[in-house]
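Have a look at the structure below, then the notes.
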Amino acid sequence: MSQETLWAPWRLAYIKSEPPDPEDEGCFLCRYRDQENDDENLVLFRSLNVMVVLNRFPYNNGHLLVAPLAHKGEFEELTDEELLDSQKQIQKLTSVLSDTLNPDGFNIGLNLGRSAGAGLPGHLHWHIVPRWNGDTNFMSVISDTKVIPQSLRALYNLLLPEMQSHESQEHSE
């Protein structure tokens, strides 16, 4: 039995980097909101109140972030429109991810506060993480390593036309 090599060169930047201090760099979601280079920032979609971004350091292939456009850190700060739009986008995204990646399930959640796991506690965002039977294996259990089988660019290029197709179908109904 020979040993296999798994190549994931995009992970090196994350492994070697110090976690960013949100106070120093500002909010990356607000930067993405204010910039027009969605392709570079991996912004998949914008609605009136919400944007959808690929997670640059995903837990699993297809890991997306759904964030209100407004910089709000408390759940109670969301308007009814922002809350409804967020949930509608999550509903749409689970459909798009099901159609394109065929996961067996999803983890969907919102981390409120740093102690709850929020890496960016000042700007609320939901995580949508597709899951497959058997996606937790010896790599993650023994060696604290996660294997992501698709590059972020390939995932973005796969999901973008699907998002646009879903949008055009909604507008034609």
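Summary table below
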| item | result |
| --- | --- |
| Of all residues in region 111-142 being farther than 18 Å from L159 by Cβ and surrounded by 15 or more Cβ atoms within 10 Å (Cβ to Cβ), the one that is modelled with the lowest pLDDT | A118 |
| Within region 80-109, tally of residues that are without any contact (Cβ under 8 Å) to a residue 12 or more places away in the chain and not in a helix (DSSP H, G or I) | 1 |
| Elements of type strands (runs of 3 or more DSSP E) in region 25-73, at least 2 residues being touching an Asp or Glu at 6+ places or on another chain (Cβ under 8 Å) | 43-46 |
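The values are calculated or read from the model by the stated rules, or taken from the named source; none is laboratory data. It should be emphasised that the depicted structure is a prediction, and the values quoted were computed from it without experimental measurement. FYI the Cβ positions are ideal-geometry reconstructions off the backbone, even for glycines, and counts take in every protein chain you see.
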